[in-house]
1. Shape verdict for segment 138-282, please, from the Cα gyration tensor: rounded (a/c under 1.5), prolate (a/b greater than b/c) or oblate.
2. What do you get when you divide the Cα radius of gyration of segment 328-421 by 2.2 N^0.38 Å, with N the number of residues?
3. Using per-residue counts of other Cβ atoms within 10 Å, averaged over each peptide, order 279-290, 257-268, 507-518 from highest down.
4. Quick one: Cα centre-to-centre distance for segment 277-353 and segment 65-83, in angstrom?
5. With only Lys, Arg, Asp and Glu charged, each at its Cβ (+1 for the first two, -1 for the last two), find how big the charge dipole of segment 337-417 is about the Cα centre; round to the nearest 20 debye.
6. Please give the direction-averaged projected area of the C-alpha convex hull for segment 396-435, in square nanometres with one decimal.
7. Read through the labelled values [x] 3, 14, 20, 24, 22, 13, 3, 0, 0; [y] 3, 15, 27, 29, 19, 6, 1, 0; [z] 3, 16, 25, 23, 15, 10, 5, 2, 0, 0 and report the label of the one computed as P(r) over Cα pairs in 10 Å bins from 0, in percent from the structure.
8. Using the eigenvalues of the Cα gyration tensor, what equivalent ellipsoid semi-axes result for segment 466-519 when each is taken as the square root of five times the eigenvalue, whole Å, largest first?
Amino acid sequence: MTTAPAPRPRRALLRAAILPAGLAASLVLVPLPAASAAPAAAPAGPTEAGPLRIHDIQGTTRISPQAGKPVTGVPGVVTGVRAYGSSKGFWMQDPNPDADPATSEGIFVYTGGNPTVKAGDSVLVSGKVTEYYPNLSGGSQSVTEITGPAVTVLSSGNPLPAPVVVDTRNIPGTYTPPAGPDGTVDSVPLNPEKYALDFYESLEGMLVQVKDVRVIQATDKYNELWVAADRQDQRSKRGGVLYESYAEPNVGRLMVQQQAPVSQQPFPVANVGDVLTGTTTGPLDYNQFGGYTLVAGTMGTLQDNHLQREVTAKATDRELAIATYNVENLAPGNPDAKFAELAQGIVTNLRSPDIVALEEIQDDNGAKSDGTVDASQTVAKFIAAIKAAGGPAYDWRSIDPQDGKDGGEPGGNIRQVFLFNPQRVSFTDIPGGTATSAVDVAGAGATTALTASPGRIAPTDEAWTSSRKPLVGQFTFRGKKLFVIANHFNSKGGDQGIDSRFQAPARSSELQRVKQATIEQAFVAKLLAADKEARVVSLGDFNDYQFSPALAALTKDGVLRDLVNELPETEQYSYVYQGNSQVLDHILVSPEVGYAKYDVVHINAEFAQQASDHDPQVVRIKP
């Protein structure tokens, strides 16, 4: 049995996102353990090669047969050095490989402090073999390392081993092997010719290379991007790769980092569809935020393919335009530039919709926990920014949540908000809506109405624990009644990743979203039972895919139809995570809403410069 060492901090931020392919919708600050103290003076290095080689240490499974044991005089050539962050060390590789494709010839040597070696050094290393899990509880795979090393440099300036070129010719088409009896792939023999995860694991720590690769996720704040090493993954219209089912993850996604700190070597700022031309070469690592990662010693040249932000079609006078936009923890203390950029998206790219359902509006003091729940300052500042950008003078409705009860960033009290243009559409105010009172359906036929507008759907049900409650409002457009539901279902935080050692990975958060969808479906069904011609639009950040059980529950019995399924397949995405272009945001309509011109407006998710991590959506209907 291998015991994982205490985790090492790698970043100050943990991304709470869709772990099976991408989600969460926002960043969550997580306290991390303090970095280890500076290591003691290094022990004397070995003087001669020992009996084991790197491939003996790596073995033919993910877990080293030498895990937990000391090794002495392991030879190799240094292929890369990481001298920043908390995971400092170097990679080395045996220039004399064995004949087994399952055994990696490379390994990471964790020094804890700045390495004293450089690429091209021939070294002997003694230390302890450790299986390091970047996120043990979250299901990450392990990295086989040598820790507590004693290093002897035998010579310098040696040629590096030839990198393994990773491309369509050698990446298997099946992503992951079946798990062993323990539910993990840890001890399953590697089959690198059949399974992509085994293929990458067989190259762990080795020099790999990609050539002329397309960027499939833009450069982020951590100076990382994602590329498509396999050209056969399903391509999106604008150059990404589409996440289309749980059963067939895209096999060629690789994260790219670089060895040099950005203070010494700028990292390319790329958008989706750009290309890293030439070769990008470095050791293959594994991390909790991206799985297998090429840590580049040499980076290809960025070819800018000039991706443009989309602008939706303008609504006609008889069309009602309704949009949804997750504005990513918007608070008054955010920079004015964020307000301006989000407002420009509303006015220019969405063309000032008649109704906008906003998600992640924070209270008036943002992420400060002092009991504040009112968000009138946040909304007023955003409405002013929209007007300054040339948009209408929106009115708004919302319900303040209970303090600390709706999840999201602690202290932020995020909620959904309706903006509406009173020159085009009217809101029907019906008193009684509070944070804890449940909205219901009154009347029948033409008199069907909400018991509170705005109201919240079943806010005290356990399905909404630490999650946002649906906000429903009653509107009138050109004499026709319309019910709009603004949603923000619970995030995918806690789910195991698609690259997890557990296969199939557990999607624990899915259970709550199914409960949430079931409650909302019942509410819509009740509206339709009262008035079969009721026009209902349900929209927002559902934090789940069009093929998910949650969306199946929401659309049960045909009470709602998911408009994303009516787009061309290559346009079905609103978010990008771990290189996967995927659907998290939806607009659904009831059967009476026959005419529906729907558009996902790609202005954020594919770009290094983002106002939000989500793309907004809009539908034009004729009630």
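1. Note, shape of segment 138-282 comes out oblate.
2. Cα Rg divided by the expected 2.2 N^0.38 Å: 1.03.
3. Top of the packing list down: 279-290, 507-518, 257-268.
4. If we compute the Cα centre of each part, the gap is 40 Å.
5. Taking the Cα centre of segment 337-417 as origin, the dipole is about 340 debye.
6. Taking a quarter of the hull surface, the average projection is 3.3 nm².
7. [z]
8. Each semi-axis is √(5λ); the values are 36, 10, 9 Å.
The values are calculated or read from the model by the stated rules, or taken from the named source; none is laboratory data. Please read these numbers as outputs of a predicted model, since none were measured by experiment. All Cβ positions, glycine included, derive from the backbone under ideal geometry; neighbour counts span all protein chains shown. Heavy atoms of the whole protein, side chains included, go into the accessibility calculation; ligands, DNA and RNA do not. Shrake-Rupley method; radii C 1.70, N 1.55, O 1.52, S 1.80 Å.
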